[in-house]
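Structure, as structure tokens:
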Amino acid sequence: MGMEVDVRNQMAKRAAEEIHSGMVVNLGIGIPSLVPNHLSSETKVMFHAENGITGMGPSPSKGEEDENLCNAGGFPVTLNKGGSYCDSAISFGMIRRGRVDITILGSLQVSNSGDLANWIVPGKKVPGMGGAMELAQKAQKVIVVMNHCDKQGNPKIVSSCTLPLTSSACVDLIITELAVFMVTEEGLLLTELFAPYSLETVVNKTGCEFKIRETVRMIPY
């Protein structure tokens, strides 16, 4: 069973706090696609999709979808006033030139040094890495939003990734349903907890050591 909708939105809301007016922001599929729904009307940003959209708006209401307008994951989106379309070459040119301020991605594993593994489980069929490699390397800030553990209960935050890497030492911030971690030169730093989870729960479910900020923010459910 997938993560509860309220929990997914809670994580997306926290990720939205990292976004400020004037930014160009790329969103991955899944939880990251919920982020626009949690921005205030005063926050003016341009959401970018690597399939060729700059200026995506919130998810459309049911029945209001445009079958010709979707994000890179094939999910329906809207277009804000001033938004534009382009081909993939221009879209990836924006990424590779560092024109994307933040990318918000899902992941299969993240290491305590910020290595990202989010594109394949060996033996599984996938269409390919997509734009994740370019985004992870070239976005000004990389935020991972993911479950703390996989479906088997294994930690997804680990000392060293066992799955094929998308990019090394690229992640800046990790947001799970349990906690928020900054990736620093000294390793992971826990900065926030989601209620009702305890620090002990996070320690037990994390596959590596981490430091704890002196004052930890508690985010209410």
* Asked: Considering region 80-110 alone, what residues qualify as being within 28 Å of Arg8 (Cα to Cα), at pLDDT 90 or above, touching a strand residue (DSSP E or B) at 6+ places or on another chain (Cβ under 6 Å) and of a type outside the set (D, E, K, R)?
  -> Gly83, Val100, Ile102, Thr103, Ile104, Leu105, Ser107, Leu108, Gln109, Val110
* Scan region 156-208 residue by residue and report those that are touching a His at 6+ places or on another chain (Cβ under 7 Å) and not hydrophobic (A, V, I, L, M, F, W, C). => Lys156, Thr176, Glu177, Lys205
* Structure fact -> Exception for Phe194 within (1) open to solvent by 20 Å² or more (accessible area, probe 1.4 Å); (2) touching a residue at least 40 places away in the same chain (Cβ under 8 Å); (3) aromatic (Phe, Trp, Tyr) falls at (1)
* To do: Run Asn51 past the list (1) over 30 Å from Met182 (Cβ atoms); (2) touching a Leu at 6+ places or on another chain (Cβ under 9 Å); (3) not aromatic (Phe, Trp, Tyr) and report the number of the one that doesn't hold.
  => (2)
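With farther than 30 Å from Lys44 by Cα and either surrounded by 16 or more Cβ atoms within 10 Å (Cβ to Cβ) or modelled with pLDDT of 95 or more (or both) as the only criterion, which of Val158, Val142 stands out?
Details: Val142 fails: farther than 30 Å from Lys44 by Cα.
Being farther than 30 Å from Lys44 by Cα and either surrounded by 16 or more Cβ atoms within 10 Å (Cβ to Cβ) or modelled with pLDDT of 95 or more (or both) holds for just one of Val158, Val142, which is Val158.
The values are calculated or read from the model by the stated rules, or taken from the named source; none is laboratory data. Note that the coordinates shown come from a computational prediction; the quantities given were computed from them, not determined experimentally. As a convention, Cβ positions derive from the backbone with ideal geometry for all residues, glycine included, and neighbour counts pool all protein chains shown. Side chains included, ligands, DNA and RNA excluded: accessible areas come from the protein's heavy atoms. Shrake-Rupley method; radii C 1.70, N 1.55, O 1.52, S 1.80 Å.
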